[in-house]
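The values are calculated or read from the model by the stated rules, or taken from the named source; none is laboratory data. Because the structure is predicted, anything quoted here is derived from the model rather than measured. Backbone-built Cβ (ideal geometry, glycine too); neighbour counts: all protein chains shown. Areas reflect the complete protein model, heavy atoms only, side chains present, ligands, DNA and RNA absent. Shrake-Rupley method; radii C 1.70, N 1.55, O 1.52, S 1.80 Å.
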Amino acid sequence: MSRSSFLVTQNTPQIQQGILDFYLKKADRFRAYFPGGEELSGSRPDFLALEEVSVQPWSGMVGCIVVEGTLTSAATLIRERGKFQEDGCYHPLQLWSYELINDTEVLLRITDFSVWMVFATLDELQSLEKQKIPVSEWQEISFEPEEGVTPLPMDETDLEQITQAIKETFFPKHN
(Lines give C-alpha, C1' and ligand atoms only; values in the text may rest on other atoms or scores of the structure.)
Protein backbone atom coordinates (compact mmCIF):
# COMPACT_ATOMS: atom_id res chain seq x y z
CA MET A 1 0.00 0.00 0.00
CA SER A 2 1.39 3.38 -0.93
CA ARG A 3 2.27 6.05 1.57
CA SER A 4 1.38 9.72 1.41
CA SER A 5 3.47 12.42 3.06
CA PHE A 6 1.98 14.83 5.59
CA LEU A 7 3.23 17.73 7.66
CA VAL A 8 1.69 17.56 11.14
CA THR A 9 0.34 21.02 11.87
CA GLN A 10 -0.69 20.54 15.51
CA ASN A 11 2.12 21.04 18.01
CA THR A 12 0.34 19.79 21.09
CA PRO A 13 2.07 17.24 23.31
CA GLN A 14 -0.99 14.97 23.41
CA ILE A 15 -1.29 14.71 19.62
CA GLN A 16 2.41 14.28 19.06
CA GLN A 17 2.64 11.66 21.83
CA GLY A 18 -0.22 9.75 20.16
CA ILE A 19 1.56 9.83 16.80
CA LEU A 20 4.88 8.82 18.35
CA ASP A 21 3.33 5.91 20.26
CA PHE A 22 1.43 4.74 17.14
CA TYR A 23 4.56 4.60 14.99
CA LEU A 24 6.77 3.17 17.73
CA LYS A 25 4.46 0.13 17.58
CA LYS A 26 4.74 -0.11 13.77
CA ALA A 27 8.46 0.57 13.32
CA ASP A 28 11.27 -1.92 13.65
CA ARG A 29 14.26 0.44 13.26
CA PHE A 30 15.30 4.00 13.94
CA ARG A 31 17.73 6.59 12.63
CA ALA A 32 18.88 9.42 14.87
CA TYR A 33 20.93 12.33 13.55
CA PHE A 34 23.51 14.05 15.73
CA PRO A 35 25.38 17.18 14.57
CA GLY A 36 28.90 17.94 15.68
CA GLY A 37 29.06 19.98 18.85
CA GLU A 38 27.16 19.60 22.08
CA GLU A 39 24.20 21.92 21.58
CA LEU A 40 22.14 19.54 19.43
CA SER A 41 23.71 16.23 20.43
CA GLY A 42 22.95 15.76 24.12
CA SER A 43 21.60 12.24 23.60
CA ARG A 44 24.45 11.09 21.33
CA PRO A 45 26.36 9.11 24.02
CA ASP A 46 23.21 7.22 25.03
CA PHE A 47 22.42 6.18 21.46
CA LEU A 48 26.03 5.24 20.74
CA ALA A 49 25.96 2.99 23.81
CA LEU A 50 23.06 0.92 22.47
CA GLU A 51 23.86 -2.57 21.21
CA GLU A 52 23.86 -3.36 17.52
CA VAL A 53 23.83 0.18 16.15
CA SER A 54 25.69 1.41 13.10
CA VAL A 55 27.24 4.86 12.89
CA GLN A 56 27.90 6.68 9.63
CA PRO A 57 28.74 10.24 8.67
CA TRP A 58 25.68 12.06 7.37
CA SER A 59 26.14 14.13 4.22
CA GLY A 60 23.22 16.42 5.12
CA MET A 61 25.33 18.48 7.54
CA VAL A 62 29.03 18.97 8.12
CA GLY A 63 30.21 17.01 11.18
CA CYS A 64 26.91 15.17 11.59
CA ILE A 65 26.51 11.43 12.17
CA VAL A 66 23.54 9.12 11.82
CA VAL A 67 23.05 6.32 14.32
CA GLU A 68 20.83 3.49 13.07
CA GLY A 69 19.66 0.35 14.79
CA THR A 70 16.80 -1.85 15.85
CA LEU A 71 13.99 -0.18 17.67
CA THR A 72 13.85 -2.79 20.41
CA SER A 73 16.94 -1.35 22.05
CA ALA A 74 16.06 2.28 21.47
CA ALA A 75 12.28 2.54 21.93
CA THR A 76 12.48 3.79 25.51
CA LEU A 77 15.12 6.39 24.63
CA ILE A 78 13.12 7.63 21.66
CA ARG A 79 9.88 7.77 23.65
CA GLU A 80 11.67 9.75 26.38
CA ARG A 81 13.90 12.01 24.26
CA GLY A 82 11.83 12.38 21.11
CA LYS A 83 8.59 13.73 22.44
CA PHE A 84 7.47 17.31 22.24
CA GLN A 85 8.20 19.26 25.40
CA GLU A 86 5.15 20.81 27.03
CA ASP A 87 6.98 24.02 27.88
CA GLY A 88 7.89 24.49 24.19
CA CYS A 89 11.57 24.90 25.05
CA TYR A 90 14.53 22.93 23.81
CA HIS A 91 15.99 20.51 26.37
CA PRO A 92 19.61 19.32 26.16
CA LEU A 93 18.75 15.62 25.79
CA GLN A 94 15.88 16.14 23.33
CA LEU A 95 16.45 14.51 19.95
CA TRP A 96 17.19 17.03 17.24
CA SER A 97 16.27 14.83 14.28
CA TYR A 98 15.18 11.20 13.99
CA GLU A 99 13.15 8.73 11.95
CA LEU A 100 11.10 5.63 12.69
CA ILE A 101 11.37 3.01 9.96
CA ASN A 102 9.64 -0.25 9.07
CA ASP A 103 11.62 -2.42 6.64
CA THR A 104 12.77 0.20 4.14
CA GLU A 105 9.98 2.75 4.60
CA VAL A 106 10.23 5.84 6.76
CA LEU A 107 7.03 6.10 8.81
CA LEU A 108 7.74 9.18 10.91
CA ARG A 109 10.40 11.87 10.56
CA ILE A 110 11.02 14.61 13.10
CA THR A 111 13.51 17.33 12.22
CA ASP A 112 14.69 20.46 14.02
CA PHE A 113 12.95 19.20 17.20
CA SER A 114 9.47 20.17 16.08
CA VAL A 115 8.86 19.56 12.37
CA TRP A 116 6.83 16.35 12.28
CA MET A 117 6.31 14.51 8.99
CA VAL A 118 4.17 11.38 8.76
CA PHE A 119 4.37 8.95 5.85
CA ALA A 120 1.07 7.11 6.18
CA THR A 121 -1.11 4.60 4.40
CA LEU A 122 -4.85 5.12 4.24
CA ASP A 123 -5.32 2.38 6.87
CA GLU A 124 -2.89 4.13 9.21
CA LEU A 125 -4.67 7.46 8.76
CA GLN A 126 -7.97 5.80 9.63
CA SER A 127 -6.43 4.15 12.71
CA LEU A 128 -4.97 7.47 13.85
CA GLU A 129 -8.34 9.18 13.39
CA LYS A 130 -9.98 6.52 15.60
CA GLN A 131 -7.45 7.50 18.26
CA LYS A 132 -8.64 11.13 18.04
CA ILE A 133 -5.60 12.33 16.07
CA PRO A 134 -6.92 15.10 13.74
CA VAL A 135 -5.28 13.85 10.53
CA SER A 136 -7.70 15.87 8.39
CA GLU A 137 -5.88 19.00 9.58
CA TRP A 138 -2.49 17.77 8.35
CA GLN A 139 -0.99 19.34 5.26
CA GLU A 140 -0.20 16.83 2.49
CA ILE A 141 3.25 17.47 1.08
CA SER A 142 5.28 16.23 -1.85
CA PHE A 143 9.00 15.66 -1.97
CA GLU A 144 9.03 15.80 -5.75
CA PRO A 145 10.07 19.12 -7.28
CA GLU A 146 7.34 20.92 -9.15
CA GLU A 147 7.42 20.60 -12.90
CA GLY A 148 9.88 23.06 -14.38
CA VAL A 149 11.63 23.64 -11.03
CA THR A 150 15.24 22.55 -10.76
CA PRO A 151 16.50 22.19 -7.19
CA LEU A 152 19.71 24.06 -6.51
CA PRO A 153 22.66 22.00 -5.32
CA MET A 154 23.97 22.67 -1.81
CA ASP A 155 27.65 22.90 -1.04
CA GLU A 156 29.57 22.96 2.25
CA THR A 157 29.18 26.75 2.57
CA ASP A 158 25.39 26.40 2.32
CA LEU A 159 25.42 23.70 4.99
CA GLU A 160 27.58 25.83 7.29
CA GLN A 161 25.17 28.76 6.89
CA ILE A 162 22.20 26.53 7.72
CA THR A 163 24.03 25.18 10.76
CA GLN A 164 24.79 28.74 11.91
CA ALA A 165 21.14 29.76 11.45
CA ILE A 166 20.00 26.81 13.58
CA LYS A 167 22.48 27.73 16.31
CA GLU A 168 21.38 31.36 16.27
CA THR A 169 17.72 30.35 16.44
CA PHE A 170 17.97 27.77 19.21
CA PHE A 171 21.02 29.05 21.10
CA PRO A 172 21.18 32.82 20.75
CA LYS A 173 23.17 33.32 23.95
CA HIS A 174 25.99 31.01 22.78
CA ASN A 175 26.97 33.15 19.77
| field | Output for the stretch 15-44, where each listed residue is at pLDDT below 85 and either part of a helix (DSSP H, G or I) or in contact with a Lys or Arg (Cβ under 6 Å, 6 or more places away or on another chain) (or both) | value | Ser43, Arg44
| field | helices (runs of 4 or more DSSP H) contained entirely in the stretch 66-175, each with at least 3 residues that are open to solvent by 80 Å² or more (accessible area, probe 1.4 Å), at pLDDT below 75 and farther than 26 Å from Asp46 by Cβ | value | 156-170
| task | Output the residues belonging to the stretch 25-58 that are within 18 Å of Leu122 (Cα to Cα) and open to solvent by 20 Å² or more (accessible area, probe 1.4 Å). | result | Lys25, Lys26
| query | What is the residue count in the stretch 1-60 for residues that are aliphatic (A, V, I, L, M) and under 16 Å from the mean Cα position of the chain (by Cα)? | reply | 9
